[in-house]
1. Per-residue accessible area for Ser53 at 1.4 Å probe radius, Å² rounded to 10?
2. Just how many % of Cα pairs in the stretch 82-161 lie over 19 Å apart, if you round to the nearest whole percent?
3. Kindly report the accessible area of the chain per residue (heavy atoms of protein chains, probe 1.4 Å, no ligands, DNA or RNA), in Å².
4. Determine the shape class of the stretch 212-338: with a ≥ b ≥ c the square roots of the Cα gyration tensor eigenvalues, call it rounded for a/c under 1.5, and otherwise prolate if a/b is greater than b/c, oblate otherwise.
5. In terms of modelled amide H atoms, which long-range or inter-chain residues lie less than 5 Å from the amide H of Ala103?
6. Give me the number: length gained by fully extending His134 to Lys393, i.e. 0.36 nm times residue separation minus the C-alpha to C-alpha distance, one decimal in nm.
7. For the stretch 634-758, with the dipole built from +1 on Lys and Arg beta-carbon atoms and -1 on Asp and Glu ones, taken about the Cα centre, which of Gln639, Leu672, Ala655 lies farthest toward the positive end?
8. Under the Karplus relation 6.51 cos²θ - 1.76 cosθ + 1.60, θ = phi - 60°, what is the ordered set of whole-Hz ³J(HN,Hα) values for the stretch 725-732, x standing for Gly and Pro?
Amino acid sequence: MDKNVVLTHILKPKGMSTLLGGEVPLSVISHDRYISPRTSGAQAEEESEEDNSCPLNSAILTALSGEIKTVLVVGPEGSGKTTTMQKLVLDWAKGQHLQHYSAVFHFRFRELNDTDQLLSLETFLLHHHGLIKHESFSTVLQNPQDVLFVFDDLDYFKQSLDPSTQTLCSNPSQEVSLSCLVASLLHGSLLKGAAFVVATRATEHLEFLGGTRVDVLGFLKPQREAYIKGFFPDSGAANKALQHMETTLGFYDIATTPKFCWMVCSMYKSLMDAATKLPDTISQLYADILVHLIQILSLSEERNRELVLALGKMASHCSLNQHMRCNKEEMNTFGLQQFLTAVGVFLQVDSESSSRPVFSFRSQLMQQFFLAMSFFLDKSTSEGVEEMLEKHKGSNFLGMFLSALSEPTQRRSLESLLGKFNSDQILSFKNWFKSSSEVTFQGWHTDEHYRCFHLLHQAQSDSLVKDIISPSARIGISYGDLSLQDCVALNYVITSLGEMEGLNLYRTKNLTEEKAERLVPTMRLSRELVLSDCTLSPGAARHVASALSTGRATVLNLNHSRLGDEKMKILCAGLKDCKLRSLDLSICELTKSSCEALVSALTSGTSQLCVLDLRSNEIEDQGLMKLCKALQSPHCKLQELQLQRNKITAASMEALSAALCSGQSALRKVNLTHNTVGDGGVEALCKSLKHPLCKLQSLNFFDSELTGACCSHLMEALMSEHCSLSELDLSVNELGQEGALLLCKALSKPGCPLEKLGLTRCELTEAVFIELASVLKSGTSKLKSLSVGLHNVGDQGVKHLWVAVAHPNCLLEDLDVEMTGLTDACVDDLCAAVRTSRTLKSLELRNNLLTDASVPALVEVMQDCPNMLEMNLKYNDFSEDVFDMLEECNRIRY
């Protein structure tokens with residue numbers, strides 16, 4: 001095959017670049033504007049902000065350099081497949097690539113569909129390709145491994161490639177149908193050993209083809225930037241276009257296609273030259289495009305309207321019948337026969353033969369825009385909005401286009417060319433939107449919420465947003481699966497409203513820099529940010545920090561977000577100067593390294609943080625000691641510190657104690673659950689509890705490896721005149737009888753501040769229950785909440801507490817006797833205590849041995865005592881026979 005002949009043929013001008021059709025491939029290549037689309041072949045699976053994709057031409061060349069014989073290039077319309085195929089052949093003809101092939105045959109299926117005669121391989125190559133001489137054909141047959149076929153537009157091929165529906169041929173001289181010939185080549189029975197590159201949109205033909213598949217992503221952000229800078233010679237115009245496109249359109253999937261980038265740049269240039277405002281939404285873009293194209297035709301208003309209505313009928317036909325192309329006869333039924341010379345401005349016209357042109361929309365979006373236009377222009381239709389959207393379910397942008405066109409400011413330029421839209425249809429749409437949105441925002445289906453957000457975004461009307469989003473709307477539900485496009489729409493809605501109580505992004509698995517950047521205004525307007533169980537990129541952390549430092553958020557929840565130290569340090573930059581009062585960093589994979597940054601933020605002088613939750617992070621003693629430095633600063637406003645499961649030991653308790661009695665600490669609550677504090681650690685902390693400058697009110701030592709030996713120190717502290725501790729949890733520690741009796745001694749002292757005491761599973765005996773009952777009856781105890789569950793003292797042991805509860809001096813409001821071995825025998829005493837008590841509100845009776853026999857009395861006492869807010873009877877020995885009876889009182893849990 002003569003490469004010069006091929007080169008001359010390829011470089012021969014074919015077709016024209018058009019606004020909707022894109023720039024013709026030859027123009028792109030010859031003007032050195034080719035930028036290879038990216039493929040997903042090398043896309044990293046893990047979260048990454050880097051471009052790990054591969055250029056399409058490189059992916060094809062790499063595949064063909066090995067043993068692979070068939071490469072399937074699959075991508076959406078306008079993604080650069082055709083230009084890449086042409087460049088592939090051109091580079092071969094220039095001697096730059098693929099030189100191990102002696103012949104390269106390039107076919108476009110859209111040009112072969114008219115072939116209905118039988119033909120042999122020889123006829124196919126000599127006449128339909130036409131760039132190979134007869135004497136070279138024998139070389140092709142003898143050395144098929146040196147031959148490459150480049151097939152483009154496979155999705156246009158009307159015939160079947162299913163080998164089971166036809167007999168494949170192996171004889172190059174045998175005349176067969178085009179379908180059989182192509183199938184025989186691709187399945188290897190004809191010219192076995194030849195290589196193939198097949199470009200197509202997703203099509204059913206692919207299920208019959210083997211080989212390596214390369215999925216085309218198109219232009220990612222760097223390629224779009226390069227393309228736009230190459231399109232606009234002036235750097236100022238290029239930067240303006242780039243920034244505007246990325247802000248208003250870059251988040252749509254279609255923005256990855258080179259064809260779309262050409263259309264946007266062409267439209268931007270036209271608008272810039274006319275000093276006209278650039279479109280803020282995709283609906284405005286298509287409105288501007290349609291205005292531009294109609295003006296080219298210079299028709300009357302009446303003719304313009306007829307043309308758009310006819311194109312709307314064609315759009316409806318294509319949508320309903322999943323029909324990409326229409327013939328001349330079909331065009332006539334739409335009323336387009338009088339416009340056949342003009343429709344090339346809007347449609348692609350392919351000539352299967354001189355007398356059989358085929359028409360198709362150049363993009364699905366343009367088709368959907370015409371569909372929306374015809375809905376509002378057609379005065380004869382009675383079709384409702386819901387009916388139309390249901391009919392055209394797969395038209396994802398149709399609802400958004402309808403929403404935009406229902407607003408006067410959005411349709412004004414179109415009405416100047418087409419006449420007024422149908423006011424009845426506009427009212428019909430608005431009524432449907434209002435009523436359907438009310439239902440949507442009372443529900444919990446996030447995808448329905450997103451759909452409404454997109455419709456509002458396209459309408460670009462702040463007043464409409466405020467009308468649709470009522471105060472009762474549930475827009476605070478979790479939006480954890482937001483796409484970039486969803487982020488833009490949500491952000492528009494919230495900024496239109498002016499504020500949001502809470503932004504909930506729970507379980508956002510990939511909160512990228514781009515997504516977070518789009519949501520910064522919304523985060524600034526939200527009082528509470530929920531980012532729990534999220535995966536934030538470093539870039540996203542920077543935007544969250546920025547939103548905190550300039551926003552109104554007072555609560556930030558990042559639990560389970562796998563932040564790590566580096567992203568935590570980035571976030572701390574925003575903590576220094578913000579309104580945040582509560583920060584949840586539980587289970588964020590932090591270490592002592594993060595504490596330095598936290599200290600800097602807490603002591604900045606501008607931090608308002610009062611509550612800090614660091615549970616289940618391995619900050620260890622060194623981390624806590626760093627935080628203790630902050631607690632001694634007059635600038636630190638921290639009042640609550642959650643330190644559960646932080647691998648803390650007694651070694652850091654002296655530092656914490658020193659901070660608490662420094663006179664600077666505002667700390668009121670410390671939770672040390674599941675740490676190995678030990679008796680020594682309690683002893684150190686008790687020094688601070690006796691100090692006049694210590695303000696601590698709540699201390700939790702749940703499962704902290706304590707024994708009765710610590711109780712003497714706790715007793716002294718609780719009996720101290722300066723002690724302000726009102727809540728103490730010592731549950732799941734081996735205090736024993738001796739230790740607990742020391743605590744009872746402290747409780748009986750007048751002035752003991754303790755109001756809430758947790759002693760669940762502390763190895764207590766009946767003697768301790770007797771003493772606790774005595775304390776409760778004494779008249780000096782302030783105890784309002786007592787937990788003594790998981791002690792097998794039985795009815796006899798707990799009976800002392802029932803007597804105490806019934807005593808007029810007892811102030812108990814909450815009593816927990818879970819798993820204490822209670823039976824039906826205790827019910828009379830229990831009910832008597834509940835009836836007599838003036839304060840009891842909650843009773844925890846889970847995991848006991850109560851049976852059906854006790855239920856009538858328990859239900860009756862709950863119904864008779866309105867002050868009782870809850871009785872928990874779960875996991876007792878009840879049968880299903882009493883469930884209906886238990887249901888009679890909604891304050892009983894069972």
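1. Estimated to the nearest 10 Å², Ser53 gives 10 Å².
2. When every Cα pair of the stretch 82-161 is considered, 42 percent fall beyond 19 Å.
3. 41
4. Oblate, because a/c is 1.5 or more while a/b does not exceed b/c.
5. Leu148
6. Details: separation 259, 0.36 × 259 = 93.24 nm, distance 5.26 nm.
Stretched fully, the His134-Lys393 segment lengthens by 88.0 nm.
7. Gln639
8. After applying 6.51 cos²θ - 1.76 cosθ + 1.60, I find 5, 10, 10, 9, 10, 10, 4, 6 Hz.
The values are calculated or read from the model by the stated rules, or taken from the named source; none is laboratory data. Model, not experiment: these values are computed from the prediction. Glycine gets a Cβ as well: all are built from the backbone with ideal geometry, and neighbour counts include every protein chain shown. Heads up: the accessible areas ignore ligands, DNA and RNA and are worked out on the full protein's heavy atoms, side chains in. Shrake-Rupley method; radii C 1.70, N 1.55, O 1.52, S 1.80 Å.
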